[in-house]
Amino acid sequence: MAAEELKVPDELAQYIGKIDPPHVREVEKGSIRRYADALGNPNPLYYNEEYAADSPYGCIIAPPGFFGWSKQSIPQSEGIIGLMGAMINAGYAGILDGGMAYEFFLPVRADDTLIAYTKVKDIQAKAGKKDMMITQFETTYLNQNGDTVAKASQTLIGRKL
């Protein structure tokens with residue numbers, strides 16, 4: 001099948017634009033330290049309260065990519081979870097991670113409460129030896145003041161088996 005002939009099936013296209021329910025994430029100093037330890041990152045902004053207090057941030061901040069821990073179970077939704085089931089039902093059961101990219105706007109500080117929500121940005125069909133559906137998700141992280149601290153863009157690839 002030629003690339004221009006493969007279209008996103010309606011049962012998948014209906015998910016484009018859907019937003020999962022938001023979930024709350026808490027950022028605490030101990031978690032920041034453990035995450036930085038796991039990364040092997042000795043930056044004193046992640047560990048040392050006195051050093052961080054004298055920095056432009058005024059307190060311990062999180063390494064890029066750390067958005068705390070979910071305060072509750074992440075809600076089941078029609079968005080990502082529903083789309084994954086629909087992809088499997090449509091025959092695109094070989095799901096691969098296509099990567100993630102971050103855009104940072106503000107530092108995540110110790111004691112922040114973040115609200116995260118994920119949107120299905122786009123789905124594109126790609127014909128080939130194994131037909132694929134390329135899905136794009138965007139997760140937005142807002143702090144307790146309603147400011148966007150970061151956005152994460154993720155690609156998942158559903159491959160025909």
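Going by how many other Cβ atoms sit within 10 Å of their own, how do TYR92, TYR57 line up, fewest first? Walk me through the numbers on the way to the answer.
On the way: TYR92 24, TYR57 14.
By the 10 Å Cβ count, ascending: TYR57, TYR92.
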Item to check | Set of lysines near LYS129 by C-alpha distance (under 26 Å), chain-local residues within fewer than 8 positions excluded | outcome: LYS7, LYS121, LYS160
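Please report ARG25, ARG34 as a ranked list, fewest other C-beta atoms within 10 angstrom at the top and most at the bottom. Numbers along the way, then the final one.
Numbers: ARG25 20, ARG34 13.
Starting with the residue having the fewest Cβ neighbours, the order is ARG34, ARG25.
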Item to check | Helical mean residue ellipticity (222 nm; -39500 (n - 2.57) per DSSP H run of 4+; nearest 500) of the chain | outcome: -5000 deg cm²/dmol
Checklist entry - Toward the positive end of the charge dipole of the chain, about the Cα centre and with charges on Cβ (Lys, Arg +1; Asp, Glu -1), which of ILE157, TYR141, PRO44 goes farthest? => result ILE157
Next on the checklist: Here are labelled values, [x] 37, 16, 13; [y] 24, 19, 14; [z] 28, 18, 14, and one is the computed semi-axes √(5λ) of the Cα gyration tensor in Å for what I pasted. Which one?
Outcome noted: [x]
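Stokes-Einstein at 4 °C, 1.567 mPa s, Kirkwood radius from Cα pairs: D for segment 1-74 in µm² s⁻¹? List each step's numbers first, then the result.
On the way: Rh = 15.7 Å.
Translational D for this selection: 82 µm²/s.
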Item to check | Calculated FRET value between ASP37 and LEU96, using beta carbons and R₀ = 30 Å, to 0.05 | outcome: 0.50
Checklist outcome for this item: In degrees rounded to 10, the 0-90 angle between helix 80-89 Cα long axis and the longest Cα principal axis of the chain is 30 degrees
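Computed from the coordinates by the stated procedures, all read-outs in this text should not be read as laboratory data. Just so we're clear, the structure is a prediction, and the values are computed from it rather than from any experiment. Note that we place each Cβ from the backbone using ideal geometry, even for glycine, and neighbour counts take in every protein chain shown.
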